[in-house]
Structures are given as structure tokens and as C-alpha cells.
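Here the structure is laid out as C-alpha cells; the discussion comes afterwards.
The values are calculated or read from the model by the stated rules, or taken from the named source; none is laboratory data. Because the structure is a prediction, the values reported are computed rather than measured. Glycine gets a Cβ as well: all are built from the backbone with ideal geometry, and neighbour counts include every protein chain shown. Accessible surface is based on the protein model in full, side chains and every heavy atom, while ligands, DNA and RNA are left aside. Shrake-Rupley method; radii C 1.70, N 1.55, O 1.52, S 1.80 Å.
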Amino acid sequence: MAQGVKIVASSHYVPQDIVTNDNLATIMDTNDEWIQAHTGIKTRHVSLRGENTSDLATKAAQQALAQTSLTPAEIGLIIVTTFTPDGLAPSTAALVQKNIQAENAWAYDISTACAGFIFGLSTADKFLKAGNAKYALVISAEVNSKMMDFKDRASSVFFGDGAGAFILEASEQSLLVAEEMHTIGNAEVVHSGRIQPLHELSADNYPKTEAFHQEGRQVFSEVERLIPDHIINFLKKNDVTPSDVDYFIPHQANLRIIEMIAKKLEQPMEKFVTNVTKYGNTSSAGIAMGLDELRHNKQLAGKKVLLTGFGAGFTYGSILCQF
């Protein structure tokens, strides 16, 4: 039985169309100066050509597979983390399984919003260690744009679309050194895709989905209250200090939140992987995309990397990786 997992390959994919802050200013009362000052975001990639979440996930997965000699039939498990699925059924993971022709894989979605990649990576780790599969594909993919109310300038300026995909292999190595996850049930701070139940039987009834909404100040306060202490205590339990960590990859909520976390941890921003300025908040995909970029831009052998996700639910958690 394997003792751990290792990363075989990774990739990320974003839609072709880039939406600038000035583009948003043409459809809502905002401007580039305000958006950058409050979020640090300059651009975001938006799916304007009919690509849905499964399409982004499929392309990221195909790019990752192309880096290996594996065939899709060798993938035994596919997990897609998303809170913007193509639909409630079939799962987005099932659509990816069909698209890449991974005929031997069983597939399902995980919905823990912006902490999704943490939960997906942790789950795949357990299945591979248990011997249920040799290779797993973990994909975090979001088309946030389809859930936005573009009259809600406090929310819609943050978000972009994207996907990150990782192929994991059961191994004697142990990439995941430690993990910790939490959930605090709160349906009001961040919510998306609500479907109301019936109040009467009528031929006119038809499902209606609510747009994404967040209480921005409350989200920032919640993150400020919980996340720095969570990171410090989590690392301390594992005999690691923030200074021992070589790279931090937090959820790409907005640059100001990442700067706040760095300050609270008394660590330089140079140690924090950020892609939010060019991609916006890509929900669960942000950490996956950041880790993929780090893997391809830095030599990680011997390095400690901390992944920390937080988002709707309120759900948060961290994984400490030793490369």
C-alpha cells in the first residue's frame, strides 16, 4: 500500500477573452482606480465563447495528460472541485471523464467553494493511499462569470474564470505532510445558485437560480479573524514556523487579503504566490493555478509549500506540502 502521493503533471487553462477594469466600467458604475485600490485586480479572463466549467476542466486535464506518457484509461479517479458546475447532474467530473475518454475512472464533484482544491487534493490522497487507484486527476474549475449579477459591482468586479488540473500518482513519497480543514455553516455571507422550493403546485412553476452574492466587508473581517491564526496554529502543531515555509499559496480572493495575511504572518510578499491581479478571483481554481505556475517556474525539490483555501460555507483549510 502506498504511503503517499506525488504530482506527475499539472496544467492550467483560462478562456481567451480578457476583461479589463475599464471594460467593466462601461457596464457599471466603477473605474480602474477603485478596483485596483480595493482588490489589486487589473484583468480577468472571462468565458464569452460558450465554454462551460467542464470545457475549462477538460482542457486543463488534456494539457496535463499531454505532459505524461499516460493514457486516459489509466486514470482511476477524477475529482472536480467547483461551485459553478455545468449543472446539478450529471456531475462536471462525469462530463470531463467522458470528454477525455477516461473509461476506467469513477468521477464526482466536490463543492466547498474557494477551499475546493484543498478538499479535492486531500480526498484524492486518501483514495490513492488506500489503493483504490494508481492515478487520480484533481481539477479545480470555475466559470464564475455565468453566476454574476453585473449590477452588483461590489461582487462582480472580483471574479474571473479558469481551471487548474493535477495528475497524482500513488507513491512511497509523501507530498502531503499535514492537513487541517474546517467548516462553519453560514448561508448568508457568501451564496450562489440558490433554487427556491415550491410554495404551491402550479403549471407556471419553473426553477429559478439566484446569482452569486457576497457581503464583502464581512468576508474580509472573517478572513482576518480566522485565517492568520489558523495558519500559525496549524504550522505550530506540525513543528513548523511561517519562516520555515518557502512558498505560501493562499486562495486568490483579492490582493489586499493576501497582503493582510502576509503582514499578520510577518512574512515577505515575495514568498506568496499571486495570480489574482491578472486572473481575478477564480474561486477554487486559484490555488491550483498558482501551484501549477509555481511548479513550472521554480525548482521545488526540498521546499515546503503551504496551500490555504477559504471561502463560502464558511469553509477553510490548509495543506502543507514537502517537495
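Specify the inter-centroid distance of the stretch 265-323 and the stretch 200-246, based on alpha-carbon positions, in whole Å. Their Cα centres are 15 Å away from one another. Each residue of the stretch 115-123 was assigned a 3J(HN,Hα) from its phi angle through the Karplus expression (A = 6.51, B = -1.76, C = 1.60, θ = phi - 60°), giving 8, x, 5, 4, 5, x, 5, 4, 5 Hz with x at Gly and Pro. A P(r) calculated from all alpha carbon pairs of the stretch 134-217, with 10 Å bins opening at zero, reads 12, 27, 29, 22, 8, 2 percent.
Pairs of Cα atoms in the chain fall into 10 Å distance bins, from 0 up to the last occupied one, in shares of 6, 28, 35, 23, 7, 1, 0 percent.
Note on residue 152 and residue 246: the extension gain reaches 30.1 nm, defined as 0.36 nm multiplied by sequence separation minus the Cα-Cα distance. Gain on full extension, evaluated as 0.36 nm per residue between residue 195 and residue 29 minus their Cα-Cα distance, stands at 56.9 nm. Between residue 110 and 80, 81, 82, the built amide H atoms are under 5 Å apart, and every one of these is 5 or more places off in sequence or on another chain.
Counting only protein heavy atoms and a 1.4 Å probe, the chain has 44 square angstrom of accessible area per residue. Applying Stokes-Einstein at 37 °C and 0.692 mPa s to the Kirkwood radius of the stretch 165-323, computed over alpha-carbon pairs, gives a translational diffusion coefficient of 189 µm² s⁻¹. Rounded to whole numbers, the Karplus 3J(HN,Hα) couplings from phi for the stretch 3-20 are 8, x, 9, 9, 8, 8, 7, 8, 7, 9, 9, 10, x, 5, 6, 9, 10, 8 Hz, using 6.51 cos²θ - 1.76 cosθ + 1.60 with θ = phi - 60°, and x at Gly and Pro. Give 134/304; 271/298; 6/236; 42/151 a once-over and call out the pairs whose C-alpha atoms are over 21 Å from each other. Correct reply: 134/304; 6/236.
When each of the peptides 38-50, 197-209 is scored by how many other beta carbons lie within 10 Å of its residues on average, the order from highest to lowest is 38-50, 197-209. For the stretch 43-107, the relative contact order comes to 40 percent (Cα pairs under 8 Å, sequence separation of at least 6). Scaling against 2.2 N^0.38 Å puts the C-alpha radius of gyration of the stretch 1-141 at 1.21.
The separation of the stretch 33-94 from the stretch 142-156, counted between C-alpha centres, amounts to 17 Å. Note on the chain: antiparallel DSSP beta bridges, both residues inside, total approximately 70 percent of the bridges counted.
Working from Cα pairs under 8 Å separated by at least six residues, relative contact order for the chain is 25 percent. Taking the helices alone, the chain has a mean residue ellipticity at 222 nm of -9500 deg cm²/dmol, built from -39,500 (n - 2.57) per DSSP H run of at least 4 residues and averaged over all its residues.
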